[in-house]
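Shown next, in structure tokens, is the structure this report addresses.
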Amino acid sequence: MKVCILDYGSGNVKSVFNMISTLTEDVTISNNTSDIKNASHLILPGVGAFGASMKKINENIPVDELANEVLNTKKPFLGICVGMQVLAEKGLEFGEHKGFGWINGTVEKLNVPDNLTLPHIGWNDINIKKQNNVLLNHFTDHQDFYFVHSFAVSGTDEEYIVSDTEYGTNFISVVNKENIFGVQFHPEKSQKAGKVLIENFLNIK
């Protein structure tokens, strides 16, 4: 196992590294092409606005090489929070911005009633739609995870939606298309549940 955590300058990279370090010693934070090629598992943490994140990703990460390893070599990939959102075709935060387009859909602001505030911050449970998905091994429905976001992916094909979550409206909280996984919540802030989820991801071959 060789885990490569990609870093475009997002604030949660070190926390993700610290959690994974409790599961394997073979983990590095790197955007180097050689590390991406040599990795068995790729993880993209993210916080911040969609457009600004995509700009930093394009400036700091060899996206073409990453796409080759994920889409052609089929290495397991996990996007966390904004790292999940950029998998979509486009995001509508502060204008329209192009995403990776690895999963169909658009990142839109949560349409919540007036009595709920944004961002959506704190613990919330997931409604599992794909009970046998490998990323959610050992979990039952309504498992709590920690969220911090105002936007979420919408319009994704039903077959790729592993779970959704309710916060005044239902939004997609876990996606999976072949070897590509995304979670809207923060496993690194979700204590034991987050660690189990990361371990499930690392067990994917």
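The values are calculated or read from the model by the stated rules, or taken from the named source; none is laboratory data. Quantities reported herein were computed from a predicted structural model and do not represent experimental measurements. Glycine gets a Cβ as well: all are built from the backbone with ideal geometry, and neighbour counts include every protein chain shown.
Can you name the residue in the stretch 5-43 that is in a helix (DSSP H, G or I) and β-branched (Val, Ile, Thr) and, of all such residues, is farthest from the chain's Cα centre (by Cα)?
Checking each candidate, the answer is 33.
Among what's in the stretch 103-116 and is farther than 16 Å from residue 184 by Cα and hydrophobic (A, V, I, L, M, F, W, C), pick the residue that is farthest from the chain's Cα centre (by Cα).
Among those that are farther than 16 Å from residue 184 by Cα and hydrophobic (A, V, I, L, M, F, W, C), it is 116.
Looking only at residues in the stretch 1-27 that are at pLDDT 95 or above and in contact with an Asp or Glu (Cβ under 6 Å, 6 or more places away or on another chain), which one is farthest from residue 79 (Cα to Cα)?
23
Please indicate, with yes or no, whether at least one residue in the stretch 43-52 is over 18 Å from residue 76 (Cβ atoms) and buried (at least 22 other Cβ atoms within 10 Å of the Cβ). Give the steps one after another, and end with the answer.
Of all residues in the stretch 43-52, those over 18 Å from residue 76 (Cβ atoms) come to 47-52.
Subsequent filtering for residues that are buried (at least 22 other Cβ atoms within 10 Å of the Cβ) retains 50.
Within the stretch 43-52, one or more residues are over 18 Å from residue 76 (Cβ atoms) and buried (at least 22 other Cβ atoms within 10 Å of the Cβ).
Between residues in the stretch 146-165 that are without any contact (Cβ under 8 Å) to a residue 60 or more places away in the chain and residues that are surrounded by 20 or more Cβ atoms within 10 Å (Cβ to Cβ) and part of a helix (DSSP H, G or I), which pairs lie under 7 Å by C-beta distance while being six or more apart or on different chains?
162/135; 162/136
Answer yes or no as to whether residue 99 is modelled with pLDDT of 95 or more and touching a Phe, Trp or Tyr at 6+ places or on another chain (Cβ under 8 Å). Write out each step before concluding.
Numbers: modelled with pLDDT of 95 or more: yes; touching a Phe, Trp or Tyr at 6+ places or on another chain (Cβ under 8 Å): yes.
So residue 99 passes the test.
Applying the selection to the stretch 53-87, what residues are small (Gly, Ala, Ser) and crowded, with 19+ Cβ neighbours inside 10 Å?
Those that are small (Gly, Ala, Ser) and crowded, with 19+ Cβ neighbours inside 10 Å: 53, 79, 83.
Test of understanding: among 156, 169, which residue is surrounded by fewer than 21 Cβ atoms within 10 Å (Cβ to Cβ), among the polar types (S, T, N, Q) and under 25 Å from residue 41 (Cβ atoms)?
Every option except 156 fails the conditions.
Does residue 38 count as surrounded by 14 or more Cβ atoms within 10 Å (Cβ to Cβ), among the polar types (S, T, N, Q) and within 25 Å of residue 74 (Cβ to Cβ)? Write out each step before concluding.
Numbers: surrounded by 14 or more Cβ atoms within 10 Å (Cβ to Cβ): no; among the polar types (S, T, N, Q): yes; within 25 Å of residue 74 (Cβ to Cβ): yes.
Taking the combined requirement at face value, the residue does not satisfy it.
Cβ-Cβ distance below 7 Å, separation of 6 or more or different chains: which pairs start in the stretch 106-135 with a residue that is at pLDDT 95 or above and end on one that is assigned to a helix (DSSP H, G or I)?
107/50; 107/85; 128/136; 134/200; 135/197; 135/200; 135/201
Assess whether residue 111 counts as being polar (S, T, N, Q) and not in a loop (DSSP other than H, G, I, E, B). Can you show your working first?
Values: polar (S, T, N, Q): yes; not in a loop (DSSP other than H, G, I, E, B): no.
Judged against the criteria, residue 111 is not a match.
Take the conditions surrounded by 19 or more Cβ atoms within 10 Å (Cβ to Cβ), among the hydrophobic types (A, V, I, L, M, F, W, C) and touching a residue at least 12 places away in the same chain (Cβ under 8 Å) and apply them to residue 16. Does it pass?
yes
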